[in-house]
Amino acid sequence: MDKYRCTVCSYIYDPKIGDPDNGVKPGTPFENLPADWVCPECGVGKDMFEKVSEV
Amino acid sequence: MPAIQIYKDIYWVGAIDWNVRSFHGHTYSTKRGTTYNAYLIMDEKIALVDTVYGPFSDEMIERIKEIVDPQKIDYIIANHVETDHSGALPAIKKIAKNAKIICSAKCKDGLSRHYYGNWDYQIVKTGDTLKLGKKTLSFLEAPMIHWPDSMFTYLVEDQILMPNDAFGQHYATSKRFDDEVNQFELMDEAAKYYANILIPLGSLILKKIQEVQKMNIPIKMIAPSHGIIWRKDPAKIINAYIDWASNKTKPKAVVVFETMWGATEKMARKITEGVTDAGIEVKLFDLNQTDRTEIIKEMLDAKGYLIGCSTHDNDMLPNMGGFLTFLKGLKPKNRIAAAFGSYGWAGGAVKGIEEAIKESGVELAQPSISARYVPDENELKNCYEFGKEFAKKIK
Ligand SMILES: [Fe+2]
Ligand SMILES: [Fe+2]
Ligand SMILES: [Fe+2]
């Protein structure tokens, strides 16, 4: 499962952690986030995220 | 100056800050001052849309009093947390005890971290409406245009958009409307505002404009929170934003340099000559003689940036460091750049500039050029060719 970075504020979505404050369970891949999910830090939509390339 | 009716039962009750010369701390120089626009809407229910910067609270309250007893305000719409628009909230809330604050969830969070007031809030989301009587307010969240809390308020029947900071200008004037002011000054300030604050948010701005266009809502007037109100030609500023946000540029270069004893300046001048002789518009700025806010504005419609600095302690000079930190935050897209500079022994400035250019996402169009101590005739010729070469890439 890939991590995704918010291109606006640099928040990282880690599927292992999910986004429990907003009802996203740990283990949820980015692709399975609901369409109306937004960056918990800055509020922009999923389309503003990019995949974090693994080093 | 009294409260001004901008439309039927809608009044400007803001404040003019004639003499403010630096904004957001020292990140933005406001050489034409600014205004903080707050709007009072009179209906069965009374609403105040945004407030002003704290030191102007009394001025705003006096203007409201000309229209109505401020105790009677039912709602305060807070489109944005930032203190230039929320600063008068504590003062107005002391008088308008029963006024409910209408804002986004992030705005409530931010306001409570600013003022710690035990206030009555109503959180709204995109699509929510608030009926005042004859007039209806509709809300549109606009996260990161330009803070997470940002929201636009739309007056449905009157077709007026109140987008807070978006489409604003730091422009103090006794006039309130676009058709009443000098058009060059107006667009100069609108461009400066976009360049220095909104460049990094271009793709969000484009999407938001498209979203509004798809909603098919007529916009008769745009009443932002700074500067004049766009009533004659709201499309003018919307189209300008579309161009800026699409990273449209002109065949134009901007040369910015910082120099210690003039060697890097000599290089900058020769490079500028080269660009000029290649037929490309170019502007040259000594970073220490020109306001950064103005330079950034000039970079908004320029395709190419030529950035030079002499070496000091194996790195660039400190003001260039600050300038490039700003550029890294702006991340302008679809631009090209190259670095130059003089040095005495080890060098380092040019390498630092190139790293910063890469970090800002700007394409390094050609290898840098350096000269030890003072450039000789041959090196100056090379600088001229360097400029010419760069200009070809702009065409
Ligand atoms: Fe974000
Ligand atoms: Fe703001
Ligand atoms: Fe503002």
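The values are calculated or read from the model by the stated rules, or taken from the named source; none is laboratory data. Quick caveat: nothing in here was measured; it's all calculated off a predicted structure. FYI the Cβ positions are ideal-geometry reconstructions off the backbone, even for glycines, and counts take in every protein chain you see.
Observations on the structure shown:
- Among the candidates B:Phe386, B:Phe323, residue that is more than 22 Å from the chain's Cα centre (by Cα), surrounded by 20 or more Cβ atoms within 10 Å (Cβ to Cβ) and modelled with pLDDT of 95 or more: B:Phe386
- Set side by side, the residues B:Thr264, B:Thr290 differ, and just one is modelled with pLDDT of 95 or more, surrounded by fewer than 22 Cβ atoms within 10 Å (Cβ to Cβ), away from ligand 1 (no atom under 16 Å from the Cβ) and among the hydroxyl-bearing types (Ser, Thr, Tyr), which is B:Thr290.
- Within the stretch B:182-236, being surrounded by fewer than 21 Cβ atoms within 10 Å (Cβ to Cβ) and among the charged types (D, E, K, R) holds for B:Glu185, B:Asp188, B:Lys207, B:Glu211, B:Lys214, B:Lys220, B:Arg231, B:Lys232, B:Asp233, B:Lys236.
- Some residue of the stretch B:352-366 being touching a helix residue (DSSP H, G or I) at 6+ places or on another chain (Cβ under 7 Å), of a type in the set (Gly, Ala, Ser), at pLDDT 95 or above and closer than 15 Å to B:Glu265 by Cα: no
- Flag if B:Pro163 is touching a residue at least 60 places away in the same chain (Cβ under 8 Å) and within 14 Å of chain A (Cβ to nearest Cβ): no
- Complete set of residues in the stretch B:118-144 that are of a type in the set (Val, Ile, Thr) and farther than 16 Å from B:Glu211 by Cα: B:Ile123, B:Val124, B:Thr129, B:Thr136
- Within the stretch B:131-144, residues that are within 15 Å of B:Asp9 (Cα to Cα) have Cβ atoms under 8 Å from residues that are small (Gly, Ala, Ser) in these pairs: B:Leu132/B:Ala47; B:Leu137/B:Ala47, counting only partners at least 6 apart in sequence or on another chain.
- Tally, over the stretch A:1-24, of residues that are acidic (Asp, Glu) and within 14 Å of chain B (Cβ to nearest Cβ): 1
- Checking each residue in the stretch A:25-48 for being under 9 Å from the mean Cα position of the chain (by Cα) and either closer than 19 Å to B:Ala105 by Cα or within 12 Å of chain B (Cβ to nearest Cβ) (or both) picks out A:Trp37, A:Val38, A:Cys39, A:Pro40, A:Lys46.
- Qualifying residue in the stretch B:210-217 (condition: away from chain A (no Cβ under 14 Å) and in a loop (DSSP other than H, G, I, E, B)): yes
- B:Met151, sole failed condition from (1) in contact with a strand residue (DSSP E or B) (Cβ under 8 Å, 6 or more places away or on another chain); (2) more than 14 Å from chain A (Cβ to nearest Cβ); (3) not acidic (Asp, Glu): (2)
- Residue within the stretch A:34-55 that is over 24 Å from B:Leu204 (Cα atoms) and surrounded by fewer than 17 Cβ atoms within 10 Å (Cβ to Cβ) present: yes
- Of all positions in the stretch B:16-32, none carries a residue that is hydroxyl-bearing (Ser, Thr, Tyr), surrounded by 19 or more Cβ atoms within 10 Å (Cβ to Cβ), under 27 Å from B:Lys131 (Cα atoms) and in contact (Cβ under 8 Å) with a residue 12 or more places away in the chain.
- Options B:Trp18, B:Trp12: the member that is under 14 Å from B:Ser225 (Cα atoms), hydrophobic (A, V, I, L, M, F, W, C), more than 16 Å from ligand 2 (Cβ to nearest atom) and assigned by TED's automatic domain parsing to the domain that holds B:Asp158: B:Trp12
- Any chance B:Asp128 is surrounded by 17 or more Cβ atoms within 10 Å (Cβ to Cβ), more than 14 Å from chain A (Cβ to nearest Cβ), of a type outside the set (Gly, Ala, Ser) and out of contact with any Leu (no Cβ under 8 Å at 6 or more places or on another chain): no
- Within the option set A:Asp19, A:Asp14, being out of contact with any strand residue (DSSP E or B) (no Cβ under 6 Å at 6 or more places or on another chain), under 27 Å from B:Gly329 (Cβ atoms) and surrounded by 17 or more Cβ atoms within 10 Å (Cβ to Cβ) holds for one residue only, A:Asp19.
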